[in-house]
2 protein chains.
Amino acid sequence: MEEEENDTQRKILDAAQSVFVRSGFHGARMEEIAREAGINKALLHYYFRTKEHLFQMIFASVARRMFPRLSGILNGEDEIEEKVEQVMATYMDFLERHPNLPGFVINEMNRREERLQQFVGSLGPLRLDRLTAQIEARVAAGTMRPVTTEMFMVNLVSLCLFPFIARPMLGAILGLKDERFDEFIEQRKRELPAFFLNGLRP
Amino acid sequence: MEEEENDTQRKILDAAQSVFVRSGFHGARMEEIAREAGINKALLHYYFRTKEHLFQMIFASVARRMFPRLSGILNGEDEIEEKVEQVMATYMDFLERHPNLPGFVINEMNRREERLQQFVGSLGPLRLDRLTAQIEARVAAGTMRPVTTEMFMVNLVSLCLFPFIARPMLGAILGLKDERFDEFIEQRKRELPAFFLNGLRP
DNA sequence: CTATACTTTAACCATTCGGTTAAACCGGAT
DNA sequence: ATCCGGTTTAACCGAATGGTTAAAGTATAG
């Protein structure tokens, strides 16, 4: 009785995500998805009519997971220092487990404007008023240099996300491959909050 | 007599870069490149035998321009503060003029390992020993918190590059579109060096 | 038993796309 | 006049690919 959302469908979605993320929409082959799901093309189309349709499922699902629980932390009651530490830890832990989701999402968004809507739609509403209030209070008190919430957020996300998006490039330029890269990330997790918070001191 | 490297060839390369950067290797269509160059498919293959061949030209050329003159500045004689300001200014000016080159390069590198070689080959040798010496001196003097040259570089590049790579995403999340985005970047150019340098204070 | 949903097999269609070919055209250099 | 490289036109090829179809097998629930 349709218990657990159907095993085959699950296998298809997993395979599709793997292939789409690895190859992008244009590079992905339906045949490959079928093979990786352990089924055949006919059944694939039986479940998901078109490539476009399947892709949209995957994209929405991946986009939804791109910022895991950060919104809650950022608009919570903790002090800024606490928030920054928690967000960075949470986010980089997540990225270590899913290192190539962001590159996929960002790239597909660059290619087709329509995906923007899907992306926005998949996001919970981003409420940052409490964070903004905290920042403004600090600035007014002179304990933080003037900074907009936008700038704050972009810096935060840049520092977390970029190394994963550009991983092969960093590998090539700085010789950060595999284990070296993992070490690098571990070190980064330790240093980044202090670096970021320090940068905001007046 | 073969004056200026051939006009048609130039037009083809320009069109190819435009299309490849916009659509990626798999998304790009030879027909479209021909059209955008104002010629036809036959002539396109007359100049560049295969899509792969044409792509490699473009990729190498674009990769070569991805870090314009940063190496020279970073290993120069100036003080670190001066270097950081110059690098950020130079780089972000460049990125304002070529906002989508990095996304293209990084993405293609993510898709096919072989491109790493091409990328590395297109880079001048990256010498950072003088910068490293400066950092170490500062750290030893207690005027800078301990940081590796790698971490220094990744932070620097992250903060400059990421907003351009993720431009549509930032547009969607933070409402930074077009003019707003340009303003944002201008503001960023002013604030970023101080933020970065400040982050390294002990 | 039988209806129904799931699954396989295998062939097939239409389109797209990279790439080729052949013929003719054109302009400038010799 | 002729030669030649660049250029166009237009047709064509072959492979890959998204998608369809028909027929048959399997399982399970009623």
Exercise. Could you please give the count of residues in the stretch B:96-150 that are in a helix (DSSP H, G or I) and not charged (D, E, K, R)?
Key: 26
Exercise. Return only the number of the condition from (1) within 7 Å of chain A (Cβ to nearest Cβ); (2) closer than 30 Å to B:A140 by Cβ; (3) of a type in the set (A, V, I, L, M) that B:L156 does not satisfy.
Key: (1)
Quiz item: Does B:G76 fit the bill of being away from DNA strand D (no atom under 13 Å from the Cβ) and away from chain A (no Cβ under 14 Å)?
Solution: yes
Exercise. Tally the residues that are of a type in the set (K, R), in a loop (DSSP other than H, G, I, E, B) and within 16 Å of DNA strand C (Cβ to nearest atom), restricting the search to the stretch A:49-78.
Key: 1
Quiz prompt | Matching residues, the stretch B:164-201, being β-branched (V, I, T) and at the interface with chain A (Cβ under 7 Å from one of its Cβ atoms) | solution = B:I165, B:I173
Quiz prompt | Output for the stretch A:82-128, where each listed residue is more than 13 Å from the chain's Cα centre (by Cα), farther than 20 Å from B:G27 by Cα and within 14 Å of chain B (Cβ to nearest Cβ) | solution = A:V84, A:Q117, A:Q118, A:V120, A:G121, A:G124, A:P125, A:L126, A:R127, A:L128
Quiz item: Conditions: (1) within 9 Å of DNA strand D (Cβ to nearest atom); (2) over 18 Å from B:N110 (Cβ atoms). A:A60 meets all but one. Number of the miss?
Solution: (1)
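One line per residue, one yes/no per condition, for (1) surrounded by 15 or more Cβ atoms within 10 Å (Cβ to Cβ); (2) farther than 23 Å from B:F67 by Cα:
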position: B:R138; (1), (2): yes, yes
position: B:A141; (1), (2): no, yes
position: B:M153; (1), (2): yes, no
position: B:L156; (1), (2): yes, no
position: B:R167; (1), (2): yes, no
position: B:G171; (1), (2): yes, yes
position: B:D182; (1), (2): no, no
position: B:E186; (1), (2): no, no
position: B:E191; (1), (2): yes, no
Quiz item: Do you know which residues across the stretch B:79-95 are within 30 Å of A:M109 (Cα to Cα) and either assigned to a loop (DSSP other than H, G, I, E, B) or among the aromatic types (F, W, Y) (or both)?
Solution: B:Y91, B:F94
Quiz item: In the stretch A:18-46, how many residues are buried (at least 17 other Cβ atoms within 10 Å of the Cβ) and within 12 Å of DNA strand C (Cβ to nearest atom)?
Solution: 4
Quiz item: Could we say that B:L161 is in contact with a Phe, Trp or Tyr (Cβ under 7 Å, 6 or more places away or on another chain), within 8 Å of chain A (Cβ to nearest Cβ) and in a helix (DSSP H, G or I) here?
Solution: yes
Quiz item: Pick from the stretch A:8-31 the residues that are within 12 Å of DNA strand D (Cβ to nearest atom) and free of Cβ contacts under 8 Å to residues at least 12 places away in the same chain: which of them is nearest to A:P99 (Cα to Cα)?
Solution: A:S23
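Yes/no per residue for (1) buried (at least 17 other Cβ atoms within 10 Å of the Cβ); (2) closer than 17 Å to A:S18 by Cβ:
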site	(1), (2)
A:F59	yes, yes
A:M88	yes, no
A:D93	no, no
A:E96	no, no
A:M109	yes, no
A:E113	no, no
A:Q134	yes, no
Quiz prompt | Qualifying positions in the stretch A:32-54 - touching a helix residue (DSSP H, G or I) at 6+ places or on another chain (Cβ under 9 Å), among the aromatic types (F, W, Y) and near DNA strand D (Cβ under 9 Å from one of its atoms) | solution = A:F48
Self-check item: B:K51 being more than 18 Å from the chain's Cα centre (by Cα) and surrounded by 16 or more Cβ atoms within 10 Å (Cβ to Cβ)
Solution: yes
Practice problem: Report yes if some residue within the stretch B:114-121 is among the small types (G, A, S) and at pLDDT 95 or above; otherwise report no. | Solution: no
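The values are calculated or read from the model by the stated rules, or taken from the named source; none is laboratory data. What you see is a predicted model; the values in this text were computed from it and never measured. Cβ sites come from the backbone with ideal geometry, for glycine too, and all protein chains shown count toward neighbours.
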